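**Q** This is the structure I have questions about; it appears just below.
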């Protein structure tokens, strides 16, 4: 048991060893400051002791029902509830990793991800209960489902005899035999799935060690205290949610879960709760601008504003600075494979403007202990001027494989040799960057057909493959497009020879894809334009949209 003598809340050096269970970030504050607020969700405020009391019976049940180390993953079907956050911690307390499903995703996508996890345990909160019967109805694998928000089993549970269910009463009936986090099975903290170029979501397994190194870097970078109030803007299926939760609880601070209804118009929420840490994708700023929520000095309480998941423009920074004049802005960068973010650039008014390139804010320098390099013509270059190429990442924050996907692992995690002749495994990001002395990395664009929509990674080829199936034609193209002067990107599709209407195709896409991947519009063409190589001319398609204005 960790004693008070081992804790120093204000000291950023009070970090965990990489091998520790990441739940210890929360647990040590639950021991030493149990009456401080830990979580505000759905208008209710919970202390560290309240959250601990809610999670321990769930953790105990998980440990009793499946202690097998060969089952490292527990699926979580929950959203913005006490049980959602408690379950994240409970799964870790039990020594396992969590894989989140999203109630906003289509049922088929959730079922596909659930099957990919091979999880034999699933936790669901009350908000997802109505979707559970349909989700589990066609699952071949038998699962144990925990329903902590249900005092007794709902009637629909009896229609699914292939699964077992435990309600709140049964979970609470188990005596809690342990009171601290267990050793993490297979060192796995969480498993997230991103869009895949083959049409199959890619699973990124993040070990506890990588998460602990990341949180330690955040404590050193931002120096949060137990008096801070963090926003929780992202869904659990987006890795920014991991940053929000674990950085907050590592500091003994309070996490404020932003309701879905105000996620893109959160001005009143920020002011009401006097938030001090804000984290989101940059496009939120532009949504707020459209709704006239960025008046001067609107958010005086904010002292840090962290943006990531999309390109950050100088215009966005200036808009936010006016509304949050006391906040320091950090442009963070990192694919899910690098444990949330791995580089950052802190904005300095009056100085940073000159360091932007074509209005884009640099993504900066790697965090301590992490490595970045630029791959050009098969050679890795580190901290060299005038070199443009693909950004490669290495270090303790960087994952080394995709979940049960050897082919994709081999493609994206090759052994590369640097200019010193040292060979090691690097992650190839697919991002084209350059290096500038004293500034660090400048993001230029993607080297493939991947883009970011509201921070989520989208493989356009995945959408194309689905449209080809639905429209029963190979003549399909999908592009990312923004109106001139707009930072909010859209997905637009083009179809030739379909027997379905565009409205029908969009409706069927919405049944198979999460909302951020559904095309904003479809256009019917007589033929797709071709370039000199006979390939679809994507630039000409974009020009057609530009001509429409």
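The values are calculated or read from the model by the stated rules, or taken from the named source; none is laboratory data. What you see is a predicted model; the values in this text were computed from it and never measured. Methodologically, a virtual Cβ is constructed for each residue, glycine included, from the backbone with ideal geometry; neighbour enumeration extends over all protein chains shown.
**Q** Report whether or not residue 299 is modelled with pLDDT of 95 or more, more than 25 Å from residue 194 (Cα to Cα) and part of a helix (DSSP H, G or I). Full working, then the answer.
**A** Working: modelled with pLDDT of 95 or more: yes; more than 25 Å from residue 194 (Cα to Cα): yes; part of a helix (DSSP H, G or I): no.
No, not satisfied.
**Q** Limited to segment 427-449, what total is found for residues that are within 21 Å of the chain's Cα centre (by Cα) and at pLDDT 95 or above? Give the derivation first.
**A** Of the residues in segment 427-449, the ones within 21 Å of the chain's Cα centre (by Cα) are 427-431, 443, 445-446, 448-449.
Subset that is at pLDDT 95 or above: 427-429.
Within segment 427-449, residues that are within 21 Å of the chain's Cα centre (by Cα) and at pLDDT 95 or above number 3.
**Q** Still on this model: Considering 67, 12, which residue is buried (at least 17 other Cβ atoms within 10 Å of the Cβ) and at pLDDT below 95?
**A** Within the list 67, 12, the selection yields 12.
**Q** How about segment 411-429: which of its residues are closer than 16 Å to residue 205 by Cβ and part of a helix (DSSP H, G or I)? Don't jump to the end; show me each part of the working.
**A** So in segment 411-429, the residues closer than 16 Å to residue 205 by Cβ come out as 412-413, 425, 427.
412, the sole residue that qualifies.
**Q** Out of 161, 175, which single residue is surrounded by fewer than 15 Cβ atoms within 10 Å (Cβ to Cβ), farther than 30 Å from residue 457 by Cα, modelled with pLDDT under 95 and touching a helix residue (DSSP H, G or I) at 6+ places or on another chain (Cβ under 8 Å)?
**A** Sole residue among the options that is surrounded by fewer than 15 Cβ atoms within 10 Å (Cβ to Cβ), farther than 30 Å from residue 457 by Cα, modelled with pLDDT under 95 and touching a helix residue (DSSP H, G or I) at 6+ places or on another chain (Cβ under 8 Å): 175.
**Q** In this structure, is residue 427 out of contact with any strand residue (DSSP E or B) (no Cβ under 6 Å at 6 or more places or on another chain), surrounded by 18 or more Cβ atoms within 10 Å (Cβ to Cβ) and within 21 Å of residue 331 (Cβ to Cβ)?
**A** no
**Q** Starting from segment 506-521, keep only residues that are in contact (Cβ under 8 Å) with a residue 60 or more places away in the chain, then list their pairs with residues that are assigned to a loop (DSSP other than H, G, I, E, B) whose Cβ atoms are within a distance under 6 Å, requiring at least 6 positions of separation or different chains.
**A** If the second residue must be assigned to a loop (DSSP other than H, G, I, E, B), the pairs left are 510/518; 511/106; 512/106; 514/105; 516/454.
**Q** State whether the residues of segment 363-385 include one that is touching a helix residue (DSSP H, G or I) at 6+ places or on another chain (Cβ under 6 Å), crowded, with 21+ Cβ neighbours inside 10 Å, in a strand (DSSP E or B) and not assigned by TED's automatic domain parsing to the domain that holds residue 193.
**A** No, every residue in segment 363-385 fails to be touching a helix residue (DSSP H, G or I) at 6+ places or on another chain (Cβ under 6 Å), crowded, with 21+ Cβ neighbours inside 10 Å, in a strand (DSSP E or B) and not assigned by TED's automatic domain parsing to the domain that holds residue 193.
**Q** Cβ-Cβ distance below 8 Å, separation of 6 or more or different chains: which pairs start in segment 422-439 with a residue that is free of Cβ contacts under 8 Å to residues at least 24 places away in the same chain and end on one that is in a strand (DSSP E or B) and buried (at least 16 other Cβ atoms within 10 Å of the Cβ)?
**A** Matching pairs, first to second residue: 423/416.
**Q** What do you reckon, is residue 497 free of Cβ contacts under 8 Å to residues at least 12 places away in the same chain and at positive phi? Lay out the reasoning, then the answer.
**A** On the way: free of Cβ contacts under 8 Å to residues at least 12 places away in the same chain: no; at positive phi: yes.
So residue 497 fails the test.
**Q** Does segment 139-153 contain at least one residue that is in a helix (DSSP H, G or I) and either surrounded by 23 or more Cβ atoms within 10 Å (Cβ to Cβ) or touching a residue at least 24 places away in the same chain (Cβ under 8 Å) (or both)?
**A** First, pick out the residues of segment 139-153 that are in a helix (DSSP H, G or I): none.
No; the residues of segment 139-153 include none that is in a helix (DSSP H, G or I) and either surrounded by 23 or more Cβ atoms within 10 Å (Cβ to Cβ) or touching a residue at least 24 places away in the same chain (Cβ under 8 Å) (or both).
**Q** What are the residues in segment 329-362 that are part of a loop (DSSP other than H, G, I, E, B), over 20 Å from residue 413 (Cα atoms) and touching a residue at least 12 places away in the same chain (Cβ under 8 Å), if any?
**A** 347, 349, 356, 359, 361, 362
**Q** Name the residue that is surrounded by the most Cβ atoms within 10 Å (Cβ to Cβ), counting only residues in segment 233-249 that are touching a strand residue (DSSP E or B) at 6+ places or on another chain (Cβ under 6 Å) and either without any contact (Cβ under 8 Å) to a residue 40 or more places away in the chain or in the same structural domain as residue 50 (by TED's automatic domain parsing) (or both).
**A** Within segment 233-249, the match that is surrounded by the most Cβ atoms within 10 Å (Cβ to Cβ) is 248.
**Q** Just for segment 178-192: of the residues that are modelled with pLDDT under 95 and touching a strand residue (DSSP E or B) at 6+ places or on another chain (Cβ under 9 Å), which one is surrounded by the fewest Cβ atoms within 10 Å (Cβ to Cβ)?
**A** 186
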